[in-house]
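Take a look at the structure set out below.
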Amino acid sequence: MTYRPELAPRAVAQLGGFPVEALTALARRVGRVCEDPYDAVVSNQQGVDRTDRWAMFGDRDQGFFQFSVRDDILAVVVVDVTWAG
């Protein structure tokens, strides 16, 4: 079952000024996360709630994003994005 990606308003605001390579890498990783958001190889749990997660992206893991898995609507909601590349 594939989840659909969503960006929270905060994440959208953070993307301004991101280089194209970062946006491309982010889109690829979010797409992979949407295939199975609980796959421990692709993402990591953040805190006690297993639906609060994070994942790295970029060729050398120069960025990471936090997301929430919404099983009720089959969505992965990206809430925070950081690019250090």
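The values are calculated or read from the model by the stated rules, or taken from the named source; none is laboratory data. None of these values were measured; they are calculated from a predicted model. Counting neighbours? That spans all protein chains shown, and the Cβs are built from the backbone with ideal geometry, glycine included. Only protein heavy atoms, including side chains, enter the accessible area calculation; ligands, DNA and RNA are left aside. Shrake-Rupley method; radii C 1.70, N 1.55, O 1.52, S 1.80 Å.
One table, with the values for the structure above:
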{"item": "Answer label for P(r) over Cα pairs in 5 Å bins from 0, in percent (calculated), chosen among (1) 3, 16, 29, 27, 17, 7, 1; (2) 3, 15, 24, 23, 15, 10, 6, 3, 1, 0; (3) 3, 13, 22, 17, 12, 8, 7, 9, 7, 3, 0", "result": "(1)"}
{"item": "All-pairs Cα distance distribution in the stretch 28-72, expressed in whole percent, bin size 5 Å", "result": "6, 24, 35, 23, 9, 3, 0"}
{"item": "Karplus-derived HN-Hα couplings along the stretch 13-22 (A = 6.51, B = -1.76, C = 1.60, θ = phi - 60°), whole Hz, x at Gly and Pro", "result": "4, 6, 7, x, x, 5, x, 4, 4, 5"}
{"item": "Relative contact order [Cα under 8 Å, 6+ residues apart], the stretch 7-84, whole percent", "result": "32"}
{"item": "Carbon + sulfur, % of accessible area of the chain - ligands and nucleic acids excluded, 1.4 Å", "result": "54"}
{"item": "Estimated distance in nm for a label pair at residue 70 and residue 4, the labels positioned 7 Å out from Cα along Cα-to-Cβ", "result": "0.9"}
{"item": "FRET efficiency, 1/(1 + (r/R0)^6) with R0 22 Å, evaluated for residue 84 and residue 12 via beta carbons", "result": "0.70"}
